[in-house]
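The values are calculated or read from the model by the stated rules, or taken from the named source; none is laboratory data. Note that this is a predicted model, so its numbers are computed, not measured. Glycine gets a Cβ as well: all are built from the backbone with ideal geometry, and neighbour counts include every protein chain shown.
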Amino acid sequence: MFTMDAFVEALTLEPVGEDRYRATSVQSDYGMVWGGQLLAQSVMGALAGQDGKAVKTLHAVFARPAKADAPLDITVDRMHAGRSLASSTVTISQDEQVITRALALLSADEPDVIRHADAPLRTSSPDDVAGDLRVNGSWEAGVVGGVDIGDPALVGPPELDVWARFVGAPDDPAVDQALLAFSTETFLIGTAMRPHEGVGQSQAHVTLSTGVLTHTMTYHEPCRVAEWHLLQMWASYTGHGRSYGRGDVFDLDGRLVASFVQDAMIRGRSGGAGKL
């Protein structure tokens, strides 16, 4: 169960040297670290030492999986720190092997010169998923229309709408950015599988090898993750053992608060567990 205490503990980076940190993991039912957690910890690492700024864009490459019962080592390289913009590289390792590396652009708040933003493509509300919530401790998520992306027999368009929130999340802008990244990592592989009969996310790690290869977050506005937010996703390509998908995040007022892009792997399962 993803309790808020476990989230906060995993997002608390313990200093162990200059620009070096150690972190724990929230536990998963298959013993490996969630990719969303690595994104969230990369956000926290990017913010370290970059006071007065928020993450604008984070691009992470996932090299290999990590074990949830072993500590993670995090190294931060602050490449640049200016008045309005900054950048950092965050490397997460385990047992002296690189797990993921992320490049982050950070930005200070600035006034508008011009402004516009997309609206949601489809309208819905948290009430539409109230009877079909997936509750994992503090993380609540519901798929609009009750779509079961795990069922290989169900076929539909390569799009998915999900309402989510983190109950009890602290009022902390850094935690908000971190947990929003966590929320966006989970659903795009299943979205890409929807048009294909006989393929579903329940087959992941059983008959299919699946995994996120790269994930990019771009933040537009502050978003309180303790409140409902809508992930509106579509997968525009699958082929050659890969999938590509995009998504936008909207708050309850329909305001565009973030966007994300993901490349992933979907291929037949074979030997060599733990290798991508």
Could you go through the range 77-85 and let me know if any residue there is more than 22 Å from residue 220 (Cβ to Cβ), assigned to a loop (DSSP other than H, G, I, E, B) and touching a residue at least 24 places away in the same chain (Cβ under 8 Å).
no
Residue set 44, 1; condition modelled with pLDDT under 95, closer than 28 Å to residue 265 by Cβ, under 18 Å from the mean Cα position of the chain (by Cα) and hydrophobic (A, V, I, L, M, F, W, C); output residue 1
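Counting only residues that are aliphatic (A, V, I, L, M) and surrounded by fewer than 19 Cβ atoms within 10 Å (Cβ to Cβ), which one in the range 49-71 is nearest to residue 86 (Cα to Cα)? Even if it seems obvious, please write down each step before you answer.
Residues of the range 49-71 that are aliphatic (A, V, I, L, M), as a first pass: 54-55, 58, 60-61, 63, 66, 68, 70.
With the extra rule that they be surrounded by fewer than 19 Cβ atoms within 10 Å (Cβ to Cβ), the set shrinks to 54, 61, 63, 70.
Numbers: 54: 9, 61: 20, 63: 25, 70: 31 Å.
Of everything passing the filter in the range 49-71, 54 is nearest to residue 86 (Cα to Cα).
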Matching residues, the range 209-226, being free of Cβ contacts under 8 Å to residues at least 60 places away in the same chain and farther than 18 Å from residue 57 by Cβ:
210, 224
Scan the range 188-199 for residues that are closer than 14 Å to residue 36 by Cβ and touching a Pro at 6+ places or on another chain (Cβ under 6 Å) and jot them down.
none
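Residue by residue, here is whether (1) out of contact with any strand residue (DSSP E or B) (no Cβ under 9 Å at 6 or more places or on another chain); (2) farther than 19 Å from residue 37 by Cα; (3) surrounded by 19 or more Cβ atoms within 10 Å (Cβ to Cβ) holds:
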| position | (1), (2), (3) |
| --- | --- |
| 201 | no, yes, yes |
| 212 | no, no, yes |
| 215 | no, no, yes |
| 222 | no, yes, no |
| 226 | no, no, no |
| 238 | no, yes, yes |
| 255 | yes, yes, no |
| 258 | no, no, yes |
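Residue by residue, here is whether (1) among the charged types (D, E, K, R); (2) in a strand (DSSP E or B); (3) buried (at least 18 other Cβ atoms within 10 Å of the Cβ) holds:
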{"residue": "102", "(1), (2), (3)": "no, yes, yes"}
{"residue": "109", "(1), (2), (3)": "yes, no, no"}
{"residue": "113", "(1), (2), (3)": "no, no, no"}
{"residue": "117", "(1), (2), (3)": "no, no, no"}
{"residue": "120", "(1), (2), (3)": "no, no, no"}
{"residue": "123", "(1), (2), (3)": "no, no, no"}
Considering each residue of the range 235-271, count those that are more than 20 Å from residue 57 (Cα to Cα) and in contact with a helix residue (DSSP H, G or I) (Cβ under 7 Å, 6 or more places away or on another chain), and give that number.
4
Is it true that residue 206 is among the β-branched types (Val, Ile, Thr), touching a residue at least 60 places away in the same chain (Cβ under 8 Å) and part of a strand (DSSP E or B)?
no
Is it the case that some residue within the range 8-23 is in contact with a Gly (Cβ under 9 Å, 6 or more places away or on another chain), in contact (Cβ under 8 Å) with a residue 24 or more places away in the chain, closer than 24 Å to residue 167 by Cα and not in a strand (DSSP E or B)?
yes
Quick one: in the range 143-196, of everything that is part of a loop (DSSP other than H, G, I, E, B) and small (Gly, Ala, Ser), which residue is farthest from residue 251 (Cα to Cα)?
153
